[in-house]
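**Q** So that we are looking at the same thing, I have put the structure below in structure tokens.
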Amino acid sequence: MGDYRLLIGGELVDGDEHLAVVNPATEEIFAKVSRASRKQAEAAIASAKAAFPVWSKTPIEKRQAVVSAIADVIRDNADDLARTLTSEQGKPIAEAQGEVAWTEGYLRHYATLTLESKVVQDDETARVEVHRVPLGVVVGIVAWNFPLLLAAWKIGPALIAGDTIVVKPAPTTPATTLKLGELVKDIVPPGVINIIADDNDLGPLLTSHPDVAKVSFTGSVETGRKIMKNGADTLKRLTLELGGNDVAIVLDDVNVKEVAPKIFDAALLNCGQVCMAAKRIYVQAPIYDAMAEELVKLAKEVVVDDGAKQGTRIGPLQNKAQFKKVQDLIESAKKEGGTVLGGDRLDRAGYFIRPAIVRDVKEGNRIVDEEQFGPVVPIIKFEEDDDAIRRANASPYGLGGSVWSGDFKRARRLAEQLDAGTVWINQHITIGPHIPMAGSKQSGIGVEQAHEGLAEFTQVRVLNMAK
Ligand code: NAD
């Protein structure tokens with residue numbers, strides 16, 4: 001059984017308490033993980049605060065070199081990290097290897113970013129320069145669907161910006177992140193990165209602490225709201241990457257056999273537990289039956305099994321609460337008149353549900369209105385192009401969305417009207433470290449990735465010099 005400790009002030013420390021981490025494919029405990037007490041959370045913030053004056057003054061080239069070194073250590077330990085990730089998160093080993101490779105890649109990209117200063121006035125009266133300076137201590141809190149990647153999305157920009165950080169993974173997926181702490185311990189100056197685990201109890205302390213300048217959060221809308229409230233007294237800077245209910249709008253001129261597998265993958269990557277997964281599939285009436293049939297066929301064929309087994313395409317749900325929530329949504333879809341094809345539990349231990357394709361549902365049904373975050377895919381019929389846009393935009397969410405068509409002009413006209421932070425044409429979930437990612441409406445506040453994301457880890461400082 002793995003043993004994982006906290007990283008506080010450059011030291012690996014035992015938690016005052018422990019957490020048992022369950023493998024969702026077996027429901028057995030696979031690791032014992034240190035759990036931080038409130039005192040240890042305070043110590044992590046204090047360490048980050050103590051490290052800030054020197055780290056923030058460290059030349060950016062050196063900070064970039066440290067981030068590159070973290071990417072190197074991730075590459076060198078990729079197999080171990082991927083196995084741990086599959087054991088705690090459930091995702092197929094190939095996807096876990098992909099997450100580790102992405103994590104390395106994002107860090108390598110951050111390591112190339114710089115903080116640009118600019119001169120906005122230089123005349124006989126004054127020279128005015130705009131600089132980007134670090135904020136101080138950042139708290140990074142992440143969800144359980146991509147524990148390692150999401151942690152890197154906080155660590156990379158914080159370090160490049162000159163901030164120090166306290167990272168807190170979700171209670172059901174702390175092992176890989178704590179393993180990362182072990183790996184970076186001797187690479188990063190003490191206190192610059194601190195990693196602690198909790199049992200869903202330390203969030204309020206971390207997000208209201210007066211010594212924390214910013215919270216970068218990835219998780220649910222509900223928790224995002226709490227974080228805004230908790231950070232309000234000290235007016236914390238916030239980046240909130242929250243939930244989504246992305247549409248994929250499939251027009252009647254597509255080649256159904258070509259597009260269906262792409263929609264299937266966009267909906268079911270990581271067992272559907274992706275913030276930007278395709279969660280509402282709007283299909284135009286003439287191809288509705290054909291598309292639904294094709295998706296059902298793919299759902300029947302797909303291999304659902306323990307992610308540790310080679311060849312598994314869909315692993316279990318990550319935790320028991322999510323497993324129950326998805327079953328509940330399947331039942332509600334049936335009660336509300338939907339036709340559910342698939343969606344059975346596997347007859348064994350583990351939080352396994354075969355993908356469910358749900359036909360004949362519409363807005364007002366829970367499976368359409370709520371974020372399912374699991375392998376249940378509602379297919380909604382529409383007639384006119386503009387009607388699909390109106391219905392898609394009626395959601396409080398606005399993370400991403402896609403339009404699928406054989407006619408690029410037709411697709412683009414619709415794509416430009418979708419109210420979402422990212423809009424794709426003939427693809428979905430394609431992201432990258434050079435591409436800003438932002439949610440509109442209740443899917444979030446602020447931006448992650450690229451220069452726009454890095455800027456959020458800094459404060460504007462104007463130097464206005466009279467001549
Ligand atoms: P969650 O909000 O329940 O938990 C996320 C994290 O917040 C965990 O680490 C949790 O311990 C912590 N937390 C809980 N209460 C807190 C509080 N009061 N203050 C501060 N932190 C607290 O979310 P989840 O169920 O782990 O993740 C699923 C959700 O995350 C989905 O809605 C999904 O769409 C979203 N998500 C969004 C993105 C994105 O980039 N937009 C990416 C991944 C997941």
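**Q** Starting from region 217-231, take each residue that is small (Gly, Ala, Ser) and list its partners that are more than 6 Å from the ligand (Cβ to nearest atom) and open to solvent by 20 Å² or more (accessible area, probe 1.4 Å), counting only C-beta distances under 9 angstrom and pairs at least six apart or across chains.
**A** GLY224/LEU238; GLY224/GLN442; GLY224/ILE445; GLY231/SER208; GLY231/ARG237; GLY231/LEU238
**Q** Go over the candidates VAL142, VAL184 one by one and state the one that is within 8 Å of the ligand (Cβ to nearest atom), closer than 20 Å to ILE8 by Cβ and β-branched (Val, Ile, Thr).
**A** Selected residue: VAL142, the only one of VAL142, VAL184 that is within 8 Å of the ligand (Cβ to nearest atom), closer than 20 Å to ILE8 by Cβ and β-branched (Val, Ile, Thr).
**Q** Also: Please go through region 393-423 and give me each residue that is within 12 Å of VAL250 (Cα to Cα) and not basic (Lys, Arg), ordered by number.
**A** Hits for region 393-423 are GLY401, SER402, VAL403, TRP404, SER405, GLY406, ASP407, ALA411, LEU414, ALA415.
**Q** Given region 1-104, what strands (runs of 3 or more DSSP E) lie entirely inside it while holding 3 or more residues that are closer than 30 Å to VAL303 by Cβ and under 23 Å from the mean Cα position of the chain (by Cα)?
**A** 17-23
**Q** Does LEU269 satisfy being surrounded by 24 or more Cβ atoms within 10 Å (Cβ to Cβ), modelled with pLDDT of 95 or more and within 15 Å of the ligand (Cβ to nearest atom)?
**A** Against the criterion (surrounded by 24 or more Cβ atoms within 10 Å (Cβ to Cβ), modelled with pLDDT of 95 or more and within 15 Å of the ligand (Cβ to nearest atom)), LEU269 does not qualify.
**Q** Within region 387-410, can you find the residues that are surrounded by 24 or more Cβ atoms within 10 Å (Cβ to Cβ) and of a type in the set (Phe, Trp, Tyr)?
**A** TYR397, TRP404
**Q** In region 352-368, how many residues are open to solvent by 30 Å² or more (accessible area, probe 1.4 Å) and in contact with a strand residue (DSSP E or B) (Cβ under 9 Å, 6 or more places away or on another chain)?
**A** 5
**Q** Pairs only if they're at least six apart or on different chains, beta carbon under 7 angstrom, first in region 87-112 and open to solvent by less than 10 Å² (accessible area, probe 1.4 Å), second β-branched (Val, Ile, Thr) and not in a helix (DSSP H, G or I); list them, first residue then second.
**A** Pairs found: GLU88/VAL21; GLU88/THR173; GLN89/THR173; PRO92/THR312.
**Q** Please go through region 233-266 and give me each residue that is more than 26 Å from VAL212 (Cβ to Cβ) and either within 9 Å of the ligand (Cβ to nearest atom) or outside any helix (DSSP H, G or I) (or both), ordered by number.
**A** GLY244, ASN245, ASP246, VAL247, ALA248, ILE249, VAL250, LEU251, ASP252, ASP253, VAL254, ASN255 - these are the residues of region 233-266 that are more than 26 Å from VAL212 (Cβ to Cβ) and either within 9 Å of the ligand (Cβ to nearest atom) or outside any helix (DSSP H, G or I) (or both).
**Q** Would you pick out the residues in region 310-355 that are over 17 Å from ILE367 (Cα atoms) and aromatic (Phe, Trp, Tyr)?
**A** Result: TYR351, PHE352.
**Q** Here's something else I'd like to know. Going by what's in this entry, would ALA36 be described as surrounded by fewer than 19 Cβ atoms within 10 Å (Cβ to Cβ) and either in the same structural domain as VAL139 (by TED's automatic domain parsing) or touching a Leu at 6+ places or on another chain (Cβ under 8 Å) (or both)?
**A** no
**Q** I need the full set of residues from region 233-258 which are of a type in the set (A, V, I, L, M, F, W, C) and under 17 Å from ALA415 (Cα atoms), in order please.
**A** Across region 233-258, the qualifying residues are VAL247, ALA248, ILE249, VAL250, LEU251, VAL254.
**Q** Say we look at region 199-232 and pick out the residues that are of a type in the set (Gly, Ala, Ser) and in a helix (DSSP H, G or I); which of these is nearest to the ligand (Cβ to nearest atom)?
**A** Filtering region 199-232 for residues that are of a type in the set (Gly, Ala, Ser) and in a helix (DSSP H, G or I), the one nearest to the ligand (Cβ to nearest atom) comes out as GLY203.
The values are calculated or read from the model by the stated rules, or taken from the named source; none is laboratory data. Note that this is a predicted model, so its numbers are computed, not measured. Virtual Cβ from ideal backbone geometry, glycine too; neighbours counted across all protein chains shown. SASA here: full protein model, heavy atoms, side chains in, ligands and nucleic acids out. Shrake-Rupley method; radii C 1.70, N 1.55, O 1.52, S 1.80 Å.
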